[in-house]
1. Which of the residues belonging to segment 103-133 are in contact with a helix residue (DSSP H, G or I) (Cβ under 8 Å, 6 or more places away or on another chain) and part of a loop (DSSP other than H, G, I, E, B)?
2. Identify all residues within segment 1-52 that are within 20 Å of PHE160 (Cβ to Cβ) and in a strand (DSSP E or B); write none if there are none.
3. Evaluate segment 119-128: report whether one residue or more is over 23 Å from ALA95 (Cα atoms), crowded, with 16+ Cβ neighbours inside 10 Å, of a type outside the set (S, T, N, Q) and out of contact with any Lys or Arg (no Cβ under 6 Å at 6 or more places or on another chain).
4. With (1) touching a Ser or Thr at 6+ places or on another chain (Cβ under 8 Å); (2) touching a residue at least 60 places away in the same chain (Cβ under 8 Å); (3) surrounded by 22 or more Cβ atoms within 10 Å (Cβ to Cβ); (4) not charged (D, E, K, R) as the list, and ALA23 as the residue in question, which single condition is left unmet?
5. Residue pairs, Cβ under 8 Å, 6 or more apart or interchain, first in segment 201-218 and touching a residue at least 60 places away in the same chain (Cβ under 8 Å), second of a type in the set (Lys, Arg). List them.
6. Please determine, by comparing only the residues of segment 65-88 that are exposed (fewer than 15 other Cβ atoms within 10 Å of the Cβ) and in contact with a strand residue (DSSP E or B) (Cβ under 9 Å, 6 or more places away or on another chain), which one is farthest from GLY38 (Cα to Cα).
7. Of the numbered conditions (1) in contact with a helix residue (DSSP H, G or I) (Cβ under 7 Å, 6 or more places away or on another chain); (2) farther than 24 Å from LEU177 by Cα; (3) not in a loop (DSSP other than H, G, I, E, B), LEU98 satisfies every one except a single condition; which is it?
8. Residue by residue through segment 45-72, note down the ones that are more than 19 Å from ILE190 (Cα to Cα), of a type in the set (Ser, Thr, Tyr) and in contact with a helix residue (DSSP H, G or I) (Cβ under 8 Å, 6 or more places away or on another chain).
Amino acid sequence: MSNDTLAVLISGGLDSAILLGDALRRHAVVVPIYMRCGLYWEPVELAYLRRFLDALRCPALKSLVVLEQPIVDVYGPHWSITGKDVPLIGTPEEAVFLPGRNVLLLAKSLLWCHLNNVPALALGSLQTNPFPDATPAFFRGFQGLVNQALQGNVEVRLPFGGMKKVAVMALGKDLPLEHTISCAGPVGDIHCGRCSKCGERRDAFRDIGMPDPTRYHV
């Protein structure tokens, strides 16, 4: 890998998609990494992600790396596994918390970076993320523990860590955001239009004054 290689943890959502698009403007080599945990929306999300990556195909963009980190044996009948009682628009933020989400995302992806000589891993975590595993102290601490365990020096980067959603959306105005998905309960291959994630997505396009290209079920 080039010294100017960046791995990007990417889902099918707006923030990480824009992060990857922005990284392609700034780095010689960008490696997208998707962590598959067995969550309800992942089959649809991964299909959207592959279309998004196809739309951005260029020499700097490497093939998608899909890592497996199944969590059903820990989460059990959680809504994120079953797709039942998905938090709706207006639900308090604590209801959408996925326990240990960034632990799951970082552990295996950082190990992959170490073993593949990738010097840095970026996440699309925003300034407004309220959860305990999304603080600067958490990311510094987790980075330090993994580097200590592997005698390495992979850096966790948060390019959007000081930004709000509207500023991130501004970076994505020229990206094919119709190939992204932000939904916890997709209906077929389209957004449900009812869950809290769909509500946040509608707000994001409205607040930046961009046309919303999303197909919603309701």
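1. Within segment 103-133, VAL118, PRO119, LEU123, GLY124, SER125, LEU126, THR128, PRO130, PHE131 qualify.
2. Passing the criteria: THR5, LEU6, ALA7, VAL8, LEU9, VAL30, VAL31, PRO32, ILE33, TYR34, MET35.
3. Within segment 119-128, one or more residues are over 23 Å from ALA95 (Cα atoms), crowded, with 16+ Cβ neighbours inside 10 Å, of a type outside the set (S, T, N, Q) and out of contact with any Lys or Arg (no Cβ under 6 Å at 6 or more places or on another chain).
4. ALA23 satisfies every listed condition except (1).
5. ALA204/LYS165
6. Per the stated criteria, the residue is VAL66.
7. If we test LEU98 against (1) in contact with a helix residue (DSSP H, G or I) (Cβ under 7 Å, 6 or more places away or on another chain); (2) farther than 24 Å from LEU177 by Cα; (3) not in a loop (DSSP other than H, G, I, E, B), just (3) comes out false.
8. If the condition is that a residue be more than 19 Å from ILE190 (Cα to Cα), of a type in the set (Ser, Thr, Tyr) and in contact with a helix residue (DSSP H, G or I) (Cβ under 8 Å, 6 or more places away or on another chain), then no residue fits.
Each value in this text was obtained by applying a stated rule to the coordinates, not by laboratory testing. Just so you know, these numbers come straight off a predicted model, no measurement behind them. Glycine gets a Cβ as well: all are built from the backbone with ideal geometry, and neighbour counts include every protein chain shown.
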